[in-house]
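Chemist: Before I ask anything, let me first share the structure, which is written out below as C-alpha cells.
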Amino acid sequence: MLGNDIVDLSDPESSRDASHPRFDRRVFAPAESRMLPTDHSDRQKRWILWSAKEAAYKAARRESAEVVFSPARFVVDLDRSLRGSVRHGSRHWPVRVQIEADCVHAVVSENASFAGILSAACRLTSTELHDPSQAVRRFALSSIASELGLASSDLRIEKTGRIPQLILAGGAAHVALSLAHHGSYAGFACCDPRIERADRTAQCATADDFERVSRWRSPDAPNVGFASRLRVQQGGLR
C-alpha cells in the first residue's frame, strides 16, 4: 500500500485553518494534542501531522473503499527525523515526512525500509497553477519515466475508483501510484521493484527542472482535494 500528501505552508489556508480553535479537537488524537502548543504557534508541526494522516488515509483507501477520513483516528508517531508510523485501528503504516522551504511532503509505504519507493515534490509554475491536477500528472509521468528509462509517452495515468493507476504501453503496469497537490506545490509517490535502491538528498524543484527533482529512495531507513476534504469532514471549521 502507498500514499502521499503535500501541504504548502505559505498558502493562506494553511495559516487560517491551523489557527482555528476547533482545528485541534477535530484533527488530532489526545496523544498528538499533548505534543502541540496550545496557542497554535507551531503551524508547521500541525501540518506535518496532517500530511502523514492524509497519506495514510490514501493508503487505507487502497485496501478498502469504505475507509472514512476521520483525521483523529489516524494517529501519527514521528521521531525527530520525521520518520515513524501512522496507526488506524489495528493497522500501522510506516511514514516519512520531508520539509523543504514551504513544502511538507509525507509518504506512507507498506514497507518500513521504503525500498523501491520513488517520491518527489515540485513547485508549480504560474501557468501550471491554472490546472494543478494535470501538472502533477505530467510531473509524475516525467519523473517515473526518467527513473525507469522510458519515454513519458509510454506511460499514462488513469483512475479506478478515484485511485490513480499507472498504465504502461497499453496495459496496467504493476506500479502503485499516489498523487497530491496543494497551493503552489505538487508531489507524487510510486512503488516499483525496478526503481534503483539509492538514497539521495531530497529537495523541491520547479516542475520544469527535473534535474533537481526531490527523490526519496532509501531502502535501509527506518522509519488533493486538501481544502475541500478538510471543510467537508470538519463542517463549520471556520
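The values are calculated or read from the model by the stated rules, or taken from the named source; none is laboratory data. On a predicted model such as this, the values are computed, not experimentally measured, just so you know. Here the Cβ positions follow ideal geometry from the backbone for every residue, glycine too, while neighbour counts run over all protein chains shown. Areas reflect the complete protein model, heavy atoms only, side chains present, ligands, DNA and RNA absent. Shrake-Rupley method; radii C 1.70, N 1.55, O 1.52, S 1.80 Å.
Chemist: Between residue 72 and residue 41, what's the calculated FRET efficiency when r is the beta-carbon distance and R0 is 22 Å? Round to 0.05.
Modeler: 0.55
Chemist: Report the local net charge at residue 9: Lys and Arg +1, Asp and Glu -1, summed over other residues whose C-beta lies under 14 Å from its C-beta.
Modeler: Summing Lys and Arg as +1 and Asp and Glu as -1 gives -3.
Chemist: At a probe size of 1.4 Å, how large is the accessible area of residue 177, to the nearest 10 Å²?
Modeler: 0
Chemist: For residue 158, what accessible area in Å² do you get when you roll a 1.4 Å probe over the heavy atoms of the protein chains, rounding to the nearest 10?
Modeler: Accessible surface of residue 158 is approximately 80 Å².
Chemist: Oh, and also: Please report, as a whole percent, how much of the solvent-accessible surface of region 29-127 comes from carbon and sulfur atoms (probe radius 1.4 Å).
Modeler: Values: 2010 of 4280 Å².
The computed percentage sits at 47.
Chemist: How much accessible area does residue 127 have with a 1.4 Å probe, in Å² rounded to the nearest 10?
Modeler: 100
Chemist: While we're here: Across region 86-95, in residue order, what do the Karplus-derived ³J(HN,Hα) couplings come to in whole Hz, using 6.51 cos²θ - 1.76 cosθ + 1.60 with θ = phi - 60° and x for Gly and Pro?
Modeler: Along region 86-95, the couplings run 10, 10, 9, x, 8, 9, 10, 10, x, 9 Hz.
Chemist: Let me ask you something else. How high is the FRET efficiency from residue 134 to residue 167, r the C-beta distance, R0 25 Å, rounded to 0.05?
Modeler: Calculated transfer efficiency: 0.95.
Chemist: Restricting to DSSP loop positions (anything but H, G, I, E, B) with no more than 11 other Cβ atoms inside 10 Å of their own Cβ, which trypsin sites (Lys or Arg not before Pro) remain in region 117-179?
Modeler: For trypsin sites (Lys or Arg not before Pro) across region 117-179 that sit outside H, G, I, E and B with at most 11 neighbouring Cβ atoms in 10 Å, the list reads 162.
Chemist: Among residues other than residue 162 whose Cβ falls under 11 Å from its Cβ, what is the net charge (Lys/Arg +1, Asp/Glu -1)?
Modeler: Charge balance in the 11 Å sphere: +4.
Chemist: Can you give me the long-range amide H partners of residue 175? Hydrogens built in the peptide plane at 1.01 Å from N, cutoff under 5 Å, separation of 5 or more residues or another chain.
Modeler: 166
Chemist: Quote to one decimal, in nm, the extra length available between residue 150 and residue 80 on full extension: 0.36 nm per residue of separation minus the C-alpha distance between them.
Modeler: 21.5 nm
Chemist: Here's another thing I want to ask about it. For region 119-135, what does the Karplus curve 6.51 cos²θ - 1.76 cosθ + 1.60, with θ = phi - 60°, yield as ³J(HN,Hα) per residue in whole Hz, taken in order and with x for Gly and Pro?
Modeler: So the J values, rounded to whole Hz, are 9, 7, 9, 8, 8, 6, 6, 4, 5, 5, 5, 6, 8, x, 4, 6, 5.
Chemist: Also, I was wondering about something else. Hey, rough spin-label estimate for residue 87 and residue 22, points 7 angstrom out along Cα→Cβ, what's it come to in nanometres?
Modeler: Each label point is offset 7 Å from its Cα along the Cβ direction, giving 2.8 nm.
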